[in-house]
Amino acid sequence: MPVAPVDGKSGVAFLVAAGIVYEIIAAACSSPQTTEINIATRGDTLMKWVNIGLAQAAVFVVIAATIDPKHRNAIIAGGVLAAIVMYLSYVHAKMAGLSSAGLPGTETL
């Protein structure tokens with residue numbers, strides 16, 4: 001007995017769900033932490049890549065919303081919410097790292 005209906009879409013839905021868990025864990029556990037720890041030595045570069053990542057994500061969200069008009073609102077809402085949450089996570093990491101300048105980072109110039 002299958003766990004989910006076999007309709008040709010369940011595999012894709014499964015992979016999307018699994019993939020988003022991996023992405024969220026990777027983003028929350030690694031990147032903001034790295035930003036906080038190393039903001040003093042490479043803050044401009046770290047935040048540049050946050051902005052580049054947001055731009056890349058926006059492209060994917062727009063493409064998904066374009067090719068799936070039935071779910072357009074949900075796709076856009078999910079993309080916007082995730083972008084806001086992650087951007088605020090990085091801003092918090094930057095501020096926390098700058099306010100604890102006495103702690104050594106993991107990188108030097």
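Each value in this text was obtained by applying a stated rule to the coordinates, not by laboratory testing. Worth saying up front: this structure is predicted, and the values here are computed from it rather than measured. Methodologically, a virtual Cβ is constructed for each residue, glycine included, from the backbone with ideal geometry; neighbour enumeration extends over all protein chains shown.
Numbers at a glance
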read-out: Label-point separation, Ala96 to Leu54 (7 Å along Cα→Cβ), nm; value: 1.9
read-out: Table column - 3J(HN,Hα) (Hz), the stretch 70-78, Karplus curve with 6.51, -1.76, 1.60, x for Gly and Pro; value: 4, 10, 3, 4, 5, 4, 5, 4, x
